[in-house]
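A quick write-up on the structure given underneath.
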Amino acid sequence: MLRKTFLAAPLAAATALVTLPALACDGFEVHEPYARAAHGMAQSGAAFMIIHNHGTEDCHITGARSDVAQRVELHTHIEDDQGVMRMVEIEEGFALPVDAEVVLERGGDHVMFLGLNRPLEQGAAVEVTFVFADGAEATVEVPVDNERPAGAQSHSHDHSHDHTNDHSNGHSHDHSHGHGDN
């Protein structure tokens, strides 16, 4: 299979190596990726990052997988009728229109690792493979950073983009960082 490999645009100290099959979402970039355990000896964890589509066609991420966990799901937080925040799977995945971004962050959308096969140790790295609606895949190396405080993603990019695109795909993006810490 023909594969393309490139280094995502460097931001701060975080970069991601992304490997794409030839038919994957052209223009798919990942910035500021990191993973963390839910807490100490937890059997779950999550990955966070900013995903961009600088390509010429809309993309749709339908799932993810990693050998670090028995199950990997795309998740978000929602508030129930009693005002309690809960994590739920986003079964339809993330729409990624041209020139848009999806922010995966604590308290919002994220990649959830359920049933860890090994601890998420500080300084280690895990591979996460995103699956697109067309069957293509992109693999991202994600460093483990259990020490990063909530809200530490910079959102400072060296290029312009429009946050007004509706890429919520039927779920809200709460960027307040005020609820839940994976």
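Observations on the structure shown:
- Strands (runs of 3 or more DSSP E) completely within region 16-115 that count 3 or more residues being more than 14 Å from the chain's Cα centre (by Cα): 17-21, 69-79, 85-89
- Whichever residue in region 1-37 is in contact with a Cys (Cβ under 9 Å, 6 or more places away or on another chain) and of a type outside the set (Phe, Trp, Tyr) and, among such residues, is modelled with the lowest pLDDT: Ala24
- Counting the residues of region 38-73 that are at pLDDT below 95, closer than 20 Å to Asn146 by Cβ and touching a Leu at 6+ places or on another chain (Cβ under 8 Å) gives 2.
- Members of region 116-132 found to be part of a loop (DSSP other than H, G, I, E, B) and either under 14 Å from His31 (Cα atoms) or among the β-branched types (Val, Ile, Thr) (or both), listed by number: none
The values are calculated or read from the model by the stated rules, or taken from the named source; none is laboratory data. What you are looking at is a predicted structure, and each value in this text was computed from that prediction instead of being measured. A quick note on method: Cβ atoms are made from the backbone with ideal geometry, for glycine too, and the neighbour counts reach across all protein chains shown.
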